[in-house]
Each structure stands twice: as structure tokens, then as C-alpha cells.
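J.: Following this message is one structure expressed as C-alpha cells.
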Amino acid sequence: MSVPTPHAEALARIPVREREAQILGSRTRYWDFGPADARDVVVLVHGYRGDHHGLEPVVAQLDGIRIVSPDLPGFGVSTPLTEAPHSIEGYGRWLAAFIASLELPAPPVVLGHSFGSMVSSHAIAGGMPARALILVNPITTDPKVAAGRGITGLTRAFYGVTRAMPESLARVWLGNPVIVQFMSMNLVKTPDRTLRRWIHEEHHRYFNGFSDARTVAEAFDASVSTDVRAAAPRVQVPTVLIAGAVDRIAPIEGQREAVALFPDARLVEVPGTGHLAHYETPGPVADAIRDFLASLPAGTPPGAAR
């Protein structure tokens, strides 16, 4: 029997509107949570092979804030890009066009988790308007070496072989439940057995929600092509990094070094959690987000719209 979703009741109390937009050839589906006239608007960018469900434990604790949560092109129920590559630059172009399509009265706060931290930071560094930037478990260490060269090499090989496979075989290969379970067990840090089981179930439910194997491989290449540090000096908006103290994918030492590269940034360390802070410690993550939003001026900061 499945473990009940821990945040289900809290999330159900938040109004949500399901919508879609055509962006660079992608039919992008998104979920618009909270009051439409909220003071704070936050646009989410989820991690690699995730979808909008992954950040819902945090969304559930941010009532009163308008949160726009899309599935990235090629993942969840959004179709792939046809007018841009599935690269950091391509996803950045998509993000800028998606936010523009919302026709907001002012630039929003942008939140990126993991892979989304690279997309969002590079997009803002490249000139995308934003009020501020929130990075959860940001990739601040070279992704080709952070988890170890051996593991990274095996992972690259795992995704690389799919390029020569027929789509049907590639889907079976990518969706191997043993591989998904191994990945999940390697990431989870909480000692709470019930929570661990629920996280594993979430990964089995949503990790294989992708459009096609080619897009998965292209996005993987993007995920190891750069990191947040390359964009940090050009991010001219207030920024907060929310990091897991025992994150193996994005080690805390790299977070402490990277925060100094931003013109205006702070670091919040969440003890006892790793790369799944949004699953394991959504309360502290949400508290850090609320504190950061409360520190921002109500208007658009200088440099946010360039």
C-alpha cells in the first residue's frame, strides 16, 4: 500500500489553476497556485527528470503567495522544444518566453531547483528580467566531478547508450525500476522510514515522465555542461541559496564558495538533508523562502528589467 502524501491536505487548501502555453514549439503545461493578486509571484523551475510535483511539498507551505509551476519542455506533460535545443541556453530562452507569456505587471521572483538552478541563473545572467532569484540545492560544483568521476562516467554512459537504441528499448532502459530505486536510495538522507518510502514512491511515479529518450539525453548533457558559478557574477538581482548540509550532488563547500560570487546573495544551510531538501525538509525551505521574500522591496529592484 502506498504511503499517503504528507502535504496533501495543505496543498488542497491552496487554489490552483491548470493552464498551458505554446512556447518555442513546446505545449507547456503549468499550474498557477495561490491568489492571482498576491504581492509575491514566484515562477518555479524544477530539476532534471522531475516535473511540477517535485516542488509541491514546498508549495503547500507557501499559501498566500502566487506560485507558477510549469513542467519543463520534454518532462511531465509538457512536450519538447522544437524551436530551441534542450540545452541550458535553450531552456533559458524558453523560461524567458514563458514568463513573458504570463503578462505579469512586474518581473517575478524565479526559483530554480538543482538543474533548474542552472537554467534560471544563466537566464537571469543573460538578461532575463527577474525581481529576485531563489536557488534550492543549486549546482555550484562542477557536475562532472561533484558526485565522483566514476559515478558521473557511469551516468554519462547510461544515458549515452540510449542514442543508439530504438525509442521503445530506450524507454525500457531509462525506466528500469532497479536503476530508479538505486538513484533514489543514493539521494535520500532522512532517517524517517515512512518519509523515505514516500520519496522512493514519488521517484517511481514521476522520474519516467518524459516525452522521449532523445530529449532525456540532450537534457542530461545540459545538466553536466556548466554550473551556477559561471553565471553568478552577472546575476544582478538579490539571490538566496538554500542548500542541504549533506548534499553529495552539490556539496556544501561549493555553496559556501559560490555565494561570494554573486553581487548580492545569502546562503541558508539546512542541516541533516541532502539534494532532496524540497522533499525531506520542505518546512525549513519554505521558511527560508518566506524570509527572503519579506526582505525584498515591494517594487522592481534596479537592474531587474534590462
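J.: How about region 197-302: which helices (runs of 4 or more DSSP H) wholly inside it have at least 2 residues that are surrounded by fewer than 21 Cβ atoms within 10 Å (Cβ to Cβ) and not basic (Lys, Arg)?
T.: 213-223, 252-258, 282-295
J.: Going through region 170-181 one residue at a time, which ones are closer than 17 Å to Val216 by Cβ and either more than 19 Å from the chain's Cα centre (by Cα) or surrounded by fewer than 13 Cβ atoms within 10 Å (Cβ to Cβ) (or both)?
T.: Across region 170-181, the qualifying residues are Ala170, Arg171, Val172, Trp173, Leu174, Gly175, Asn176, Pro177, Ile179.
J.: Of the residues in region 124-138, how many are open to solvent by 10 Å² or more (accessible area, probe 1.4 Å) and either in a helix (DSSP H, G or I) or out of contact with any Pro (no Cβ under 9 Å at 6 or more places or on another chain) (or both)?
T.: Number of matching residues: 3.
J.: Then there is this: Looking only at region 182-196, which residues are hydroxyl-bearing (Ser, Thr, Tyr) and open to solvent by 40 Å² or more (accessible area, probe 1.4 Å)?
T.: Thr194
J.: Within region 51-63, which residues are open to solvent by 30 Å² or more (accessible area, probe 1.4 Å) and under 18 Å from His113 (Cα atoms)?
T.: Filtering region 51-63 for residues open to solvent by 30 Å² or more (accessible area, probe 1.4 Å) gives 53, 61, 63.
Of everything in region 51-63, those that are open to solvent by 30 Å² or more (accessible area, probe 1.4 Å) and under 18 Å from His113 (Cα atoms) turn out to be His53, Gln61.
J.: So which of Arg19, Arg66 ends up being open to solvent by less than 40 Å² (accessible area, probe 1.4 Å), basic (Lys, Arg) and touching a Phe, Trp or Tyr at 6+ places or on another chain (Cβ under 9 Å)? I'd like the intermediate steps shown before the answer.
T.: Details: Arg19 fails: open to solvent by less than 40 Å² (accessible area, probe 1.4 Å).
Step by step, each of Arg19, Arg66 is checked, and only Arg66 is open to solvent by less than 40 Å² (accessible area, probe 1.4 Å), basic (Lys, Arg) and touching a Phe, Trp or Tyr at 6+ places or on another chain (Cβ under 9 Å).
J.: Which of (1) at positive phi; (2) open to solvent by 20 Å² or more (accessible area, probe 1.4 Å) is the odd one out, the single condition Gly34 does not satisfy?
T.: If we test Gly34 against (1) at positive phi; (2) open to solvent by 20 Å² or more (accessible area, probe 1.4 Å), just (2) comes out false.
J.: Looking at region 6-25, I want the residues that are closer than 30 Å to Glu89 by Cβ and free of Cβ contacts under 8 Å to residues at least 40 places away in the same chain and have a partner that is open to solvent by less than 40 Å² (accessible area, probe 1.4 Å) and among the aromatic types (Phe, Trp, Tyr) with Cβ atoms under 6 Å, at least 6 apart or on another chain. Which pairs are those?
T.: Between residues of region 6-25 that are closer than 30 Å to Glu89 by Cβ and free of Cβ contacts under 8 Å to residues at least 40 places away in the same chain and residues that are open to solvent by less than 40 Å² (accessible area, probe 1.4 Å) and among the aromatic types (Phe, Trp, Tyr), the close pairs are Glu18/Trp31; Arg19/Tyr30.
J.: Which residue out of Gly47, Gly25 is crowded, with 22+ Cβ neighbours inside 10 Å and under 25 Å from Met128 (Cα atoms)?
T.: Values: Gly25 fails: crowded, with 22+ Cβ neighbours inside 10 Å.
The match here is Gly47.
J.: Of the numbered conditions (1) more than 26 Å from Glu202 (Cβ to Cβ); (2) open to solvent by 60 Å² or more (accessible area, probe 1.4 Å), Val77 fails exactly one; give the number of that condition.
T.: Tallying (1) more than 26 Å from Glu202 (Cβ to Cβ); (2) open to solvent by 60 Å² or more (accessible area, probe 1.4 Å), Val77 fails exactly one: (1).
J.: Report, ordered by the first and then the second residue, all pairs with beta carbons closer than 7 Å, sequence separation of six or more or different chains, a first member in region 271-297 that is closer than 21 Å to Thr194 by Cα and among the polar types (S, T, N, Q), and a second member that is modelled with pLDDT of 95 or more and in a helix (DSSP H, G or I).
T.: Correct list of pairs: Thr273/Glu280.
The values are calculated or read from the model by the stated rules, or taken from the named source; none is laboratory data. Only a predicted model underlies this, so the values are computations on that prediction, with no experimental measurement involved. Cβ atoms come from the backbone with ideal geometry, glycine included; neighbour counts cover every protein chain shown. Side chains included, ligands, DNA and RNA excluded: accessible areas come from the protein's heavy atoms. Shrake-Rupley method; radii C 1.70, N 1.55, O 1.52, S 1.80 Å.
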